[in-house]
Amino acid sequence: MSTGLVWDEWYMWHDTGSAAAFLPAGGPIQPDTHAENPEPKRRLHNLLDVSGVLDSLVSIDPRPATREELLRFHTPDYVDEVAEQSEGTGGDAGELTPFGPDSYEIARLAAGGVIAATDAVVEGAVDNAYALVRPPGHHAEADVGRGFCLFGNIAVAAMHAQAEHDIDRIAVVDFDVHHGNGTQKAFWDDPSVLPISIHQDNFYPPGEGAVDEVGEGDGHGYTVNVPLPPGSGVGAYETTFERVVLPALDAFEPDLVYLGAGVDSGAIDPLGRMMLHSDGYRELTGLLLDAAEEHCDGRLVAAHEGGYSSAYAPFSGLAIIEELRGETSDVEDPFMPIFGELGYQELQPHQEAVIDDAAGNLDIALR
Ligand code: ZN
């Protein structure tokens, strides 16, 4: 098994400015570090390095997505607006998406990184790949940046895969704690791409990602949302995979699978309110890899999304990448003795009710 890794130091130079959590400093908000800062991702890369895992990965060089590639999803006006602001001192791409100088190029390199990972997997240079890119992508919509995301990294890469490779059907499984609204909107009426978002109920964006959002037109039944209650742990996520994600993939039979690898559904994430831990992420990744093996020769491309705990995101990310690689390192997650024993890690009845609602929606198109 060979696993590719997309990484570039330049990703870490995307500047989200001074903020408290996700709100820009100013007025009553004292200047502080933005939640979406380089540290969690840089520390994940450093942990890959010191654990020795980095040496076992195949380095994939990112390249900037071209304007034409971005325009498969985004509007020309939006792309021009980001480019223009980026040439100056930066700005905001829309909603809660601040950026500094050169972020247009860095965001193009992020989308292009997921494209490069896709090419490597589809062309067989590697079995699967992890794109450790920044800024993240799943909130970006066609004409607006949202939630720290400038361009839809996975959406743009999936459209590239369909346009440039012999790939028809694509599944996107997104376990970031926030709803994958951008990916959903990109393929809302498209039955050839199946976005499955597992997220904290009514979190961000507010009012989006309800269980009854299932796509429209030809795409009716080809969007799946599982809005889990806050406090969901490993049991809720395992059950979601067993009853929703895996049956949907079995029915859909994808040619390529993307994983929206947000690790902000982990315990102690400062933004999320879920309780996953590294063993949980490892297990979910393994289940997804098995499904990819069954349906599409294991073709799986993971793209990093959110994850805001500098302390813990590295261990969650390491577990996902080790599972993709099919080998563990000597590093044991030092937080597991505590996070593995958190109360209510097992499936709770109110969580099961939501999961069964989502499973019921599979009857529309996917059973
Ligand atoms: Zn997130």
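The values are calculated or read from the model by the stated rules, or taken from the named source; none is laboratory data. Everything numeric in this text was worked out from a predicted model, so none of it was measured. A quick note on method: Cβ atoms are made from the backbone with ideal geometry, for glycine too, and the neighbour counts reach across all protein chains shown. The protein model used for the area step is the full one, side chains on, heavy atoms only, and it has no ligands, DNA or RNA in it. Shrake-Rupley method; radii C 1.70, N 1.55, O 1.52, S 1.80 Å.
Worth pointing out:
- Flag: F148 matches the condition of being open to solvent by 10 Å² or more (accessible area, probe 1.4 Å), of a type outside the set (D, E, K, R) and within 13 Å of the ligand (Cβ to nearest atom).
- Total residues in the range 173-215 satisfying the condition of being of a type outside the set (A, V, I, L, M, F, W, C) and part of a helix (DSSP H, G or I): the figure is 5.
- Hits in the range 192-207 (condition: open to solvent by 40 Å² or more (accessible area, probe 1.4 Å) and either within 22 Å of I167 (Cβ to Cβ) or of a type in the set (D, E, K, R) (or both)): D201
- Residue check, D218 assigned to a helix (DSSP H, G or I) and open to solvent by 10 Å² or more (accessible area, probe 1.4 Å): yes
- Across the range 246-301, the number of residues qualifying as surrounded by fewer than 24 Cβ atoms within 10 Å (Cβ to Cβ) and within 16 Å of the ligand (Cβ to nearest atom) comes to 5.
- In this entry, T118 passes the filter for residues that are closer than 21 Å to F151 by Cα, of a type in the set (V, I, T), under 18 Å from the mean Cα position of the chain (by Cα) and more than 16 Å from the ligand (Cβ to nearest atom).
- One residue stands out among those in the range 121-145 that are of a type in the set (D, E, K, R) and within 16 Å of the ligand (Cβ to nearest atom): the one that is nearest to S56 (Cα to Cα), which is R134.
- Counting the residues of the range 292-351 that are among the β-branched types (V, I, T) and more than 20 Å from the chain's Cα centre (by Cα) gives 3.
- Options D32, D61; residue that is over 23 Å from T183 (Cα atoms) and under 20 Å from the mean Cα position of the chain (by Cα): D61
- Residue pairs meeting the criteria (Cβ under 8 Å; at least 6 apart or on separate chains; first in contact (Cβ under 8 Å) with a residue 12 or more places away in the chain and on the phi > 0 side of the Ramachandran plot, in the range 341-362; second surrounded by 16 or more Cβ atoms within 10 Å (Cβ to Cβ) and among the small types (G, A, S)): Y344/G231; Y344/G233
- Screening the range 320-331 for residues that are surrounded by fewer than 24 Cβ atoms within 10 Å (Cβ to Cβ) and touching a helix residue (DSSP H, G or I) at 6+ places or on another chain (Cβ under 8 Å) and picking the one that is nearest to T285 (Cα to Cα) gives E323.
- Scanning the range 302-330 for residues that are away from the ligand (no atom under 16 Å from the Cβ), hydrophobic (A, V, I, L, M, F, W, C) and not in a helix (DSSP H, G or I) gives a single hit, A311.
- Count of the range 1-18 residues which are in a helix (DSSP H, G or I) and open to solvent by less than 50 Å² (accessible area, probe 1.4 Å): 2
- For beta carbons closer than 7 Å, sequence separation of 6+ or different chains, a first residue in the range 285-298 that is at pLDDT 95 or above and a second that is open to solvent by 100 Å² or more (accessible area, probe 1.4 Å), the qualifying pairs are H295/E253.
- Filter result for Y104 (under 12 Å from the mean Cα position of the chain (by Cα), away from the ligand (no atom under 16 Å from the Cβ), buried (at least 22 other Cβ atoms within 10 Å of the Cβ) and not small (G, A, S)): no
- Taken together, A236, A210 contain a single residue that is among the hydrophobic types (A, V, I, L, M, F, W, C), more than 15 Å from the ligand (Cβ to nearest atom) and surrounded by fewer than 17 Cβ atoms within 10 Å (Cβ to Cβ), which is A210.
- Within the range 41-64, residues that are within 18 Å of E332 (Cα to Cα) and open to solvent by 70 Å² or more (accessible area, probe 1.4 Å) sit with their Cβ atoms under 9 Å from residues that are in a loop (DSSP other than H, G, I, E, B) and not aliphatic (A, V, I, L, M), at 6+ positions apart or across chains, in these pairs: R43/S310.
- A residue that is in a loop (DSSP other than H, G, I, E, B) and surrounded by fewer than 17 Cβ atoms within 10 Å (Cβ to Cβ) occurs somewhere in the range 19-26.
- Some residue of the range 155-171 being in a loop (DSSP other than H, G, I, E, B), more than 18 Å from L70 (Cα to Cα) and within 16 Å of the ligand (Cβ to nearest atom): no
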